[in-house]
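Laboratory data are not the source of any read-out in this text; all were calculated from the coordinates shown. Bear in mind the structure is a predicted one, so any value in this text is a computation, not a measurement. Heads up, the Cβs are rebuilt from the backbone with ideal geometry, glycines too, and the neighbour counts pull from every protein chain shown.
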Amino acid sequence: MGDVLSQNEIDNLLAALSSGEIDTEEFKESGERPIKNYDFSRPSKFSKEHLRTLEIIFEHYSRLLATHLPAYLRKNVQVEVINSEAQVYVEFTNALSNPVLLGIVDFTPLEGSIVIELAESIGYTIVDRMLGGSGTPLEKTRDFSEIELTIIERVFTVMTNLLSEPWANVVSLTPRLSRIETNSQFAQIISPSEMASIITMNIKIGSVEGMMNICLPYEVLESVIDKLNTKYWYSTMRKSGERTYQNLIEVAISKARIPVRVVLGKSSISVNDFINMQKGDIIKLNSKVEDELNVYVGNINKFTALPGSSSEAYAVKISTIVREEDE
């Protein structure tokens, strides 16, 4: 909050203005807001609501990237959404440098493709990390070799596949990486005068930072543009979000592998007997043949069972479940 002027300060300021000690033109120039020309022949097709919803979608996407990419790059990865704006497609392509990394992604079932632009420094860092290096980018830029593009394509494919989940509340996507271009002239996927939404994200791999721009043409999103509003977004999340996460947790737990062991019995022997133990020696246990055995899941006693065999292998048959209140 700005400072609150006292009445004396206000009177002194008005007096200085009247005497000419303070130039009012300086205040006018500093207080003017920049004016942006509006082209009525090419009206913006993305409202602020649309852009805000796209930001929410790609904030989710940034969290997925930060979670999955470290598994491939073996380096801490931080991703955040910086900005979202509507631009004419030709403005986006004119701002691209050469060489450039452009992933053309087919947005099936939506008509058309989107473009993912990745900073050169991030591309060189990915190659270096995937080949076992420290992730230091090149000091002088050059064209990417075929081998380097093949390596980068693997990471681009991972990034493409992660697009499905953030868009699930809008449309069920099956995105596919069509190709990677290093020359902006070969990325004319739509008319130069077509409007597009540009989502700018900052990626940090270790100490290397770079930008990633995602270009979403209006003609690709036109069929679902009505769903790109926060009201629809949050209502859909309330309906399916809780159950979806419950299912994900259940699936994740069901695939977890945990050790299970059965204790035949316990015994205590001296160190001398243990050292002199030979094949055929018998150790007396504290349990009888007809006793039920304890079955441990991890380190927790969960079942009792009877010993036996199955297909020439030792086995046990669960007889009772040990519940927490029974212990």
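Listed values for region 78-93 are Karplus-derived 3J(HN,Hα) couplings in whole Hz (6.51 cos²θ - 1.76 cosθ + 1.60, θ = phi - 60°), namely 10, 9, 8, 7, 9, 7, 9, 8, 9, 9, 6, 4, 5, 5, 5, 5, and x replaces Gly and Pro. Each label was represented as a point 7 Å from its Cα along the Cα-to-Cβ direction; for Lys288 and Glu153 these points are 7.1 nm apart. Residue by residue, region 123-135 carries 3J(HN,Hα) couplings of x, 5, 5, 4, 4, 4, 5, 5, 9, x, x, 7, x Hz when phi is fed to the Karplus relation 6.51 cos²θ - 1.76 cosθ + 1.60 (θ = phi - 60°); x denotes Gly or Pro.
Please report, in whole Å³, the volume per residue of the convex hull around the C-alpha atoms of region 260-326.
Numbers: hull volume 8.9 nm³, N = 67.
Here the figure is 132 Å³ per residue.
The gain in end-to-end length when the Asn272 to Lys45 segment is fully stretched comes to 73.1 nm, 0.36 nm per residue minus the alpha carbon separation.
For region 259-274, the residues whose backbone nitrogen is under 16 Å from a point 7 Å from the Cα of Asn299, taken along Cα to Cβ, are 259-261. Across region 48-252, the relative contact order, built from alpha-carbon pairs under 8 Å that are at least six residues apart, equals 32 percent.
Once the Cα gyration tensor of region 94-161 is diagonalised, what are the square roots of 5 times its eigenvalues, in whole Å and ordered largest first, as equivalent ellipsoid semi-axes?
Its equivalent ellipsoid spans semi-axes of 23, 15, 9 Å.
Peptides 299-311, 93-105, 280-292 ranked from most to least packed, by the mean per-residue count of other Cβ atoms within 10 Å: 93-105, 299-311, 280-292. For a test of the definition: using alpha carbon positions, the gyration tensor, and the 1.5 limit on a/c, classify region 48-252 as rounded, prolate or oblate. Here region 48-252 falls in the oblate category. If a spin label sat at a point 7 angstrom from the Cα of Ala256 along the line to its beta carbon, the backbone N atoms of region 281-322 nearer than 16 Å would be those of 297-302.
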